[in-house]
Amino acid sequence: MPLHSTLASHAYLTHAPSDYIDGVFRPLHGDAITTRDPALPSRVVWCGTPQPTHAEEAVAAARRALRSWSARTMEDRRAHLERWREVCVKHAARLSAAISREVGKVKWEADLEAKIVAEKVLITLEDRVLARVAGFEVAAGAGKLGICTFKPHGVMAVLGPFNFPAHLPNGHIVPALLLGNTIVFKPSEKAASVGQLLAELADEAGFPAGVFNVVQGTAPISARLASHPEVDGVLFTGSFPVGRRILEANLDTPGRIIALEMGGSNPTVVTAKADLRRAAIECARASFATTGQRCTCTRRIIVEDSIADRFIPMFLKLASNLVIAAADDCVPAFMGPLITDDARNEVLRAQESLAKRGRLLLEATALDRQGYFLGPGVVEIDRFRLEEHESEIFGPFVQVARATDLDDAIAQANATKFGLAASVFTNDESEWREIFAQVRAGCINLNTGTAGASSKLPFGGLGASGNHRPAGAFAVDAAAYPVATMIDSAELTIAQGMCVDERFFV
């Protein structure tokens, strides 16, 4: 019996566990990477042993394909991405099944992620997005024409996360391909089968050989891609410690584009002038969506003292009544399991530590069933202070603190080294303006929770959350660089038709 037919992924993968290099699936034997269904850990989803030589071969294939791919017209590359969108729509159910099976998402959330993979193409092709990398021409002095042209960086390494294993890497891949780059994608080792499925869909979409490559691996493969001399850009989503290592590995290569999205410890401020019911519902949703495994999840709630005794019980009641189940349970669940038992234990260790410093309002406990299920946890602390060794608690756990007034709430909201997302609940416009002006974050929401970004907007953070390379609608910024050209009027015929119809893309 073929290896892949014994795995839980066999229903949605058509190839045995493989890398995808230069348009060819390269089987991986062994079990150095083994992913399991977080809801039923006895069920192996994918297994294979990474081959370090495959990373080298994938980069070489992407380099060979770069010249012809970047030389194609913009319309030609656009047509390939339209085909990618069609294939993703066609196989959305396969992709959703893979996401549920391997990372434990409940069905509604897996379906949503599968849907937005295809939608990313349409968003990237919108005029307002492409306008960010549209060239232009100006009069540049006596008898001279100035032209700005955008060119692709080259070979781009995309290092993906497990929590949105299809959507987040695709958010980098689509703009990069459109602008003429080639891709080497390394999925999270916790979501290997989803990464392979993206390779199978790309193969069906008919990208030219070498344009889109997938290599499986753990940290050593990521490190090699992040510092490979033939890689021109690294597009990463993950934790701050890994992002820091990527920056360190590139201290001597300032010309290599590095785009980092590294999570957050996101605050929500609830003022005395908020709609408390709305605030409680949104805080519960944003704190525990994806079982707390979103970089935009609310980690810290700051509530004005005058309404805290009303707000906190409302929030606790909602948190304690969330439905937790597996995708296979056929119930309308809000939360599924955590990705691994280690991830669950990390949350429990954080809870134990914080409970010694505060008051445990709702204890996060493991569910009495198979799988890495964990109920929500809430602790009230004295106040939020900037901590030298602050880390993100990546699970269904939130801290609550009281603020004496608006200034105190703002100070506590900014008491973090992260700066990805923040939310404000108030019906007072002047309060909103004051908090918006002073809170430091890349996404600041009003009367809606921190979790749930729009791909039609920029997505990125400050501080330990990112390096000013926002994804979302601004992902095109990291996919091309501007080139300035001065042309003497006597030589204008040379520049005639210089990609003007292609928006100055080369």
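Taking the stretch 138-172, which residues are part of a strand (DSSP E or B), touching a residue at least 24 places away in the same chain (Cβ under 8 Å) and within 24 Å of Met74 (Cβ to Cβ)?
First, the residues of the stretch 138-172 that are part of a strand (DSSP E or B): 138-139, 144-152, 155-159.
Filter again for touching a residue at least 24 places away in the same chain (Cβ under 8 Å), leaving 144-152, 155-159.
Within the stretch 138-172, Leu145, Gly146, Ile147, Cys148, Thr149, Phe150, Lys151, Pro152, Val155, Met156, Ala157, Val158 meet the criteria.
Kindly indicate which of Val398, Val378, Val424 is within 11 Å of Ser265 (Cα to Cα) and buried (at least 23 other Cβ atoms within 10 Å of the Cβ). Steps first, please.
Details: Val378 fails: within 11 Å of Ser265 (Cα to Cα); Val424 fails: within 11 Å of Ser265 (Cα to Cα).
After ruling out the rest, the residue left standing is Val398.
Number of residues in the stretch 249-275 that are within 18 Å of Ile312 (Cβ to Cβ) and outside any loop (DSSP other than H, G, I, E, B): the value is 4.
Mind checking whether some residue in the stretch 395-417 is under 30 Å from Thr124 (Cα atoms) and either touching a helix residue (DSSP H, G or I) at 6+ places or on another chain (Cβ under 8 Å) or of a type in the set (Phe, Trp, Tyr) (or both)? Break it down stepwise before answering.
Keep residues of the stretch 395-417 that are under 30 Å from Thr124 (Cα atoms), which gives none.
Looking for residues that are under 30 Å from Thr124 (Cα atoms) and either touching a helix residue (DSSP H, G or I) at 6+ places or on another chain (Cβ under 8 Å) or of a type in the set (Phe, Trp, Tyr) (or both), one finds none in the stretch 395-417, hence no.
For the stretch 8-23, the count of residues that are within 30 Å of Ala289 (Cα to Cα), without any contact (Cβ under 8 Å) to a residue 24 or more places away in the chain and surrounded by fewer than 21 Cβ atoms within 10 Å (Cβ to Cβ) is nonzero.
Being without any contact (Cβ under 8 Å) to a residue 40 or more places away in the chain, surrounded by 19 or more Cβ atoms within 10 Å (Cβ to Cβ), over 26 Å from Gly336 (Cα atoms) and not hydroxyl-bearing (Ser, Thr, Tyr) narrows it down to one of Gly419, Gly461, Gly442, so name that one. Break it down stepwise before answering.
Working: Gly419 fails: without any contact (Cβ under 8 Å) to a residue 40 or more places away in the chain; Gly461 fails: without any contact (Cβ under 8 Å) to a residue 40 or more places away in the chain.
Criteria check complete, one pass: Gly442.
Taken residue by residue, the stretch 298-318 has no member that is in contact (Cβ under 8 Å) with a residue 60 or more places away in the chain, under 30 Å from Asp477 (Cα atoms) and of a type in the set (A, V, I, L, M, F, W, C).
Kindly provide the set of residues from the stretch 178-199 that are over 15 Å from Leu81 (Cα atoms) and either hydrophobic (A, V, I, L, M, F, W, C) or assigned to a helix (DSSP H, G or I) (or both), ordered by number. Give the steps one after another, and end with the answer.
Just the residues of the stretch 178-199 that are over 15 Å from Leu81 (Cα atoms), to begin with: 184-197.
Scanning the stretch 178-199 gives Val184, Phe185, Ala191, Ala192, Ser193, Val194, Gly195, Gln196, Leu197.
Please count how many residues of the stretch 118-148 are of a type in the set (Asp, Glu) and more than 34 Å from the chain's Cα centre (by Cα).
Residues of the stretch 118-148 that are of a type in the set (Asp, Glu), as a first pass: 119, 126-127, 137.
From what is left, the residues that are more than 34 Å from the chain's Cα centre (by Cα) are 137.
Going through the stretch 118-148 one residue at a time, the tally reaches 1.
Among the residues of the stretch 427-439, those that are in contact (Cβ under 8 Å) with a residue 24 or more places away in the chain and surrounded by fewer than 16 Cβ atoms within 10 Å (Cβ to Cβ) comprise Asn427, Asp428, Gln438.
Please work out if Ser306 is on the phi < 0 side of the Ramachandran plot, under 29 Å from the mean Cα position of the chain (by Cα) and of a type in the set (Ser, Thr, Tyr). Steps first, please.
Details: on the phi < 0 side of the Ramachandran plot: yes; under 29 Å from the mean Cα position of the chain (by Cα): no; of a type in the set (Ser, Thr, Tyr): yes.
So Ser306 does not fit the description; no.
Residues in the stretch 50-64: is at least one assigned by TED's automatic domain parsing to the domain that holds Leu177, within 24 Å of Val103 (Cβ to Cβ) and surrounded by fewer than 18 Cβ atoms within 10 Å (Cβ to Cβ)? For the stretch 50-64, residues assigned by TED's automatic domain parsing to the domain that holds Leu177, within 24 Å of Val103 (Cβ to Cβ) and surrounded by fewer than 18 Cβ atoms within 10 Å (Cβ to Cβ): absent.
Looking only at the stretch 240-280, filter to residues that are over 21 Å from Tyr481 (Cβ atoms) and acidic (Asp, Glu); which one of those is surrounded by the fewest Cβ atoms within 10 Å (Cβ to Cβ)? Working first, answer last.
Initial filter on the stretch 240-280 (over 21 Å from Tyr481 (Cβ atoms)): 240-245, 248, 262-280.
Still in the running and acidic (Asp, Glu): 248, 275.
Values: Glu248: 10, Asp275: 14.
Looking at residues that are over 21 Å from Tyr481 (Cβ atoms) and acidic (Asp, Glu), I get Glu248.
Restricting attention to the stretch 342-375 and to residues that are closer than 16 Å to Gly292 by Cβ and of a type in the set (D, E, K, R), the residue that is surrounded by the fewest Cβ atoms within 10 Å (Cβ to Cβ) turns out to be Asp342.
Here are Cys330, Cys283, Cys295: which of them is more than 13 Å from Gln399 (Cα to Cα) and either buried (at least 24 other Cβ atoms within 10 Å of the Cβ) or under 25 Å from the mean Cα position of the chain (by Cα) (or both)? Lay out the reasoning, then the answer.
Values: Cys330 fails: either buried (at least 24 other Cβ atoms within 10 Å of the Cβ) or under 25 Å from the mean Cα position of the chain (by Cα) (or both); Cys283 fails: more than 13 Å from Gln399 (Cα to Cα).
None of the others qualify; the one that does is Cys295.
The condition of being in contact with a Ser or Thr (Cβ under 7 Å, 6 or more places away or on another chain) and not assigned by TED's automatic domain parsing to the domain that holds Asn345 holds for only one of Gly472, Gly460, that being Gly472. If we scan the stretch 69-76, do we find a residue that is among the aliphatic types (A, V, I, L, M) and closer than 14 Å to Leu197 by Cβ? Checking the stretch 69-76: not a single residue is among the aliphatic types (A, V, I, L, M) and closer than 14 Å to Leu197 by Cβ.
The values are calculated or read from the model by the stated rules, or taken from the named source; none is laboratory data. Everything numeric here is computed off the predicted structure, so don't read it as measured data. Methodologically, a virtual Cβ is constructed for each residue, glycine included, from the backbone with ideal geometry; neighbour enumeration extends over all protein chains shown.
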